[in-house]
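No value in this document is a laboratory result; all are computed from the given coordinates. Owing to the predicted nature of the structure, the values given are computational and were not obtained by experimental measurement. Cβ coordinates were reconstructed from backbone atoms using ideal geometry, including for glycine residues, and neighbour counts include every protein chain displayed.
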Amino acid sequence: MALNRRCVACGQCFDVRPQVPDQRYCPSPPCQRERRKLWQQSRRRTDPDYRDNQLRAQAAWLARNPDYWKCYRESHPDYVQRNRQQQRRKAQQQGSMASDVAAAGLFMMYVISPIALAKMDACLLVKLVPVSGLTRP
Ligand SMILES: [Zn+2]
């Protein structure tokens, strides 16, 4: 007797294939696409080799199809419009974050600790004091 289960994607009942006792998605193409998409996302997150391999394959494919994105943008104006809005929003968010960090103006910079200056990723711990707040000698 076939085991019956509810699909986690569409919620419809389906017969579980005896070969796949843990089956959670029904055989309908959209649900199988969803299952594969989630599997791939999780694999990319957890498997660095898989992620590198995917990136290399995509780069190789793009090298073979250099006009793909140009043609895609020409034939999908909605995509171009949406992308432009997202970029604008992102730029605005980054702009507002920058203004939270520091106002424009003159500052005195006090080096608190020079850390490993010889290294490329070295940094300095500094304190910035607005020049207007200083009392001149
Ligand atoms: Zn389904």
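Straight-distance candidates among the aspartates and glutamates for linking to residue 90, with alpha-carbon spacing under 16 Å and chain neighbours fewer than 8 residues away dropped: 100.
Report the charge-dipole magnitude of the stretch 13-86 in Debye, nearest 20, computed about the Cα centre from +1 at each Lys and Arg Cβ and -1 at each Asp and Glu Cβ.
On the way: 16 positive and 9 negative charges, 29 e Å.
Rounded to the nearest 20 debye, it is 140 debye.
Cβ crowding within 10 Å ranks 52, 15 as 52, 15, fewest other Cβ atoms first. In terms of the Cα gyration tensor, with a ≥ b ≥ c the square roots of its eigenvalues, is the stretch 24-83 rounded because a/c is under 1.5, prolate because a/b exceeds b/c, or oblate? Verdict is oblate for the stretch 24-83. Across the stretch 32-48, rounded Karplus estimates of 3J(HN,Hα) from the backbone phi angles (6.51 cos²θ - 1.76 cosθ + 1.60, θ = phi - 60°) give 5, 4, 4, 4, 5, 4, 5, 4, 5, 4, 5, 5, 4, 5, 9, 10, x Hz, Gly and Pro being marked x.
The residue list 71, 29, 41 was ranked by how far each Cα lies along the charge dipole of the stretch 15-73 toward its positive end, using unit charges on Cβ atoms, and 71 comes out on top.
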